[in-house]
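So the structure is just underneath, and the comments pick up after that.
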Amino acid sequence: MILTVVIASLAYVTPPEVAFSRLLPAAPALAAAMWPVLPTVLLGTVCLLLMIGLSLVFPGLGTWWTAAGIVAVTVAAAYGSHIRLQREQTLLQVRLVADAAQQVVLSPMPRRFRDVEIEALYLAAAAEASIGGDFYEAVDTEYGVRLLIGDVRGKGLPAVGTAAAMVNAFREAAYDEADLVKIARRLEASSTRYSAAFPPEAMMERFATALLAEIPHGGGSIGILNCGHPPPLLLNRGEVRALEPTAPSPLLNLAELIGDHYSIDSFDFAPGDLLFLYTDGVAEARDRAGEFFSVPAWLRRQPQGRPGELLNALHHDLLRYSTGPLDDDIAALAVSLGTSPEPIEVRRARAHPA
């Protein structure tokens, strides 16, 4: 509308030979990029009427040629607006499907299981995608709170199927199996079955790193089984410690090639500690100079706060550091151990001993 007023004003105040009126078809063409069909047609009609009015003031402007151009551009703009609206509706449906898929593959966070508080962050590298090849899950079982975080080779939507297979297998195995090794074998079996649907030459391209963690009820320690995943970091009073595995465990879907010997490491995990689990997309974020994001150095600068505050800071700092689109999917879990409040029955028993 502003463009229409400017062109009409210039056409009125300038000599006729300048012929600013010939630019009037640009207004409905621009409107098609933002407006529905009817407003676009109405603007084209206004431009046509303005052209006719200018021809009455300045005869010899080539009114009919410009008017024909306005009509032709308005018809094309209306059609373009119609196509744009259809594509926007299709994109909306795709986003809704992606959001639904995210709810299936990635459970909503935050969660609190007794004295364990968990927050999650997920950023997909694929444009317009809500999920990708990174995955995580947390469940509360009779054996303790169990965590999973992993990264399928590749990124974006092609890796979603493998990620979904891993998460679904974990959700079943975490409640059934007594130790992390058996859960890892279940994940390996699920990955192998899923990959069997693809050509044999693609088997080597469909592996995943994963990290399994178990926090017993009451805390005090944490068990970790690391299948080629970046080691988690433990923040304790400003000190950061990488929880490195003592022996490597095979990546998922590669156990048949490199063996299925899994090892579990145990580390101290006291109240007030904060455990940070992440995928390699966090560590591989780069700035303009090509320098990688230093996760331990960044975590060392963070205050000993709540998991949600830590991940909010991570989200902000990663976007500021990378100064552009993400190169890989990013997933992170922040876990803190607090003190569980005593059940009412226990407090009553202590207040009124038998």
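The values are calculated or read from the model by the stated rules, or taken from the named source; none is laboratory data. This is a predicted model, so every value here is computed, not measured. Heads up, the Cβs are rebuilt from the backbone with ideal geometry, glycines too, and the neighbour counts pull from every protein chain shown.
Things to note:
- Residue within segment 150-157 that is at pLDDT 90 or above and surrounded by fewer than 16 Cβ atoms within 10 Å (Cβ to Cβ) present: no
- Residues within segment 221-267 that are β-branched (Val, Ile, Thr) and under 18 Å from residue 307 (Cα atoms), tallied: 2
- Test: residue in segment 200-207 that is part of a helix (DSSP H, G or I), surrounded by 13 or more Cβ atoms within 10 Å (Cβ to Cβ) and at pLDDT below 80: yes
- Residue 328 over 18 Å from residue 108 (Cβ atoms), of a type outside the set (A, V, I, L, M), buried (at least 21 other Cβ atoms within 10 Å of the Cβ) and assigned by TED's automatic domain parsing to the domain that holds residue 243: yes
Listed here are the residues, each with its yes/no results for (1) over 30 Å from residue 336 (Cβ atoms); (2) in contact (Cβ under 8 Å) with a residue 12 or more places away in the chain.
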residue	(1), (2)
6	yes, no
18	yes, no
21	yes, yes
29	yes, yes
47	yes, yes
78	yes, yes
106	no, yes
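- Annotation note: Cβ proximity below 7 Å between a residue of segment 123-148 that is farther than 30 Å from residue 90 by Cβ and a residue that is of a type in the set (S, T, N, Q) and at pLDDT below 95 (sequence gap 6+ or interchain) occurs for 137/107.
- Condition broken by residue 255, with the remaining ones in (1) buried (at least 21 other Cβ atoms within 10 Å of the Cβ); (2) at pLDDT 90 or above; (3) more than 26 Å from the chain's Cα centre (by Cα); (4) not basic (Lys, Arg) satisfied: (2)
- Qualifying residue in segment 58-79 (condition: among the β-branched types (Val, Ile, Thr), out of contact with any Pro (no Cβ under 7 Å at 6 or more places or on another chain) and at pLDDT below 80): yes
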